[in-house]
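These notes are about the structure you will find just below.
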Amino acid sequence: MCGGFTCSKNALTALNILYIVVAFILIGVAVYGRASALVTNLPIIGGILACGVILILISILGLIGAVKHHQVLLFFYMLILFLLFLIQFSIACACLAVNAKQQEQLAEQGWRRVGDDLKAKVQITFTCCGFNNTVNSILDDQYPVSCKDVNKICCPYTSDNDCMCLSCMEKLESTIDYAFKLCGSIGLFFSFTEFIGVWLTVRYRNQKDPRANPSAFL
């Protein structure tokens, strides 16, 4: 029956190895989300990235605790993993709950903070001009010089100054929404595996190592 000390130890060790893989997946998804938007610097996606980094560190702690059956390490591992579960679950729900209007507001804040060099890079990469009509009409400096070059790509056969590319928000809207949904879905799914890890750690911590000195068990 898979309920003894050895089985729990092997299961917890395997789960922590899985966490390392999960952490790299979370980091990869978060990096993709940030790279897709480039200038938005979305804080919620940054939270998913932080959870992935923390999960790697916790997994190493869990592996050491599982191999050595170290009561103190397992206690702190269990406590930190539970806190990470709460944080990651909350961030994932926030990613899934953000609507289109809130996404645009977050993207606009990021656009206002970056310099013209990065704005120019975004406009050339996505063939777009400015952030949106509202921002562009308020702030003239939202138009880097490269916007003129981008318009030539969108309007190669006309010299009409009124011919312009779509705004960057229109071009990036679906990409930003996809990044939020992807980060939220993956973060939510893997947060439940962390809850399983907490339960398994509690179970393993309360079991006695049959090969150890009984007096050494805390």
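The values are calculated or read from the model by the stated rules, or taken from the named source; none is laboratory data. Note that the coordinates shown come from a computational prediction; the quantities given were computed from them, not determined experimentally. Because the Cβ atoms are built from the backbone with ideal geometry, glycine has one as well, and the counts that use them run over all protein chains shown.
Surrounded by 14 or more Cβ atoms within 10 Å (Cβ to Cβ), small (Gly, Ala, Ser), part of a helix (DSSP H, G or I) and at pLDDT below 75 - does that describe any residue in segment 93-100? For segment 93-100, residues surrounded by 14 or more Cβ atoms within 10 Å (Cβ to Cβ), small (Gly, Ala, Ser), part of a helix (DSSP H, G or I) and at pLDDT below 75: absent. If you take the residues in segment 50-67 that are in contact (Cβ under 8 Å) with a residue 12 or more places away in the chain and more than 24 Å from ASN10 (Cβ to Cβ), which one is surrounded by the most Cβ atoms within 10 Å (Cβ to Cβ)? Within segment 50-67, the match that is surrounded by the most Cβ atoms within 10 Å (Cβ to Cβ) is CYS51. Answer yes or no as to whether LEU49 is at pLDDT below 85, in a helix (DSSP H, G or I), closer than 30 Å to ASN206 by Cβ and under 22 Å from the mean Cα position of the chain (by Cα). The answer is no for LEU49. Taking the criterion of being in a helix (DSSP H, G or I), charged (D, E, K, R) and modelled with pLDDT under 85, the residues of segment 173-218 that qualify are GLU173, ASP177, LYS181, GLU194, ARG205.
Among residues of segment 186-201 that are farther than 26 Å from VAL72 by Cβ and in contact (Cβ under 8 Å) with a residue 12 or more places away in the chain, those with a beta-carbon under 6 Å from a residue that is assigned to a helix (DSSP H, G or I) and not hydrophobic (A, V, I, L, M, F, W, C) at least six positions away or on a different chain give the pairs GLY187/GLN88.
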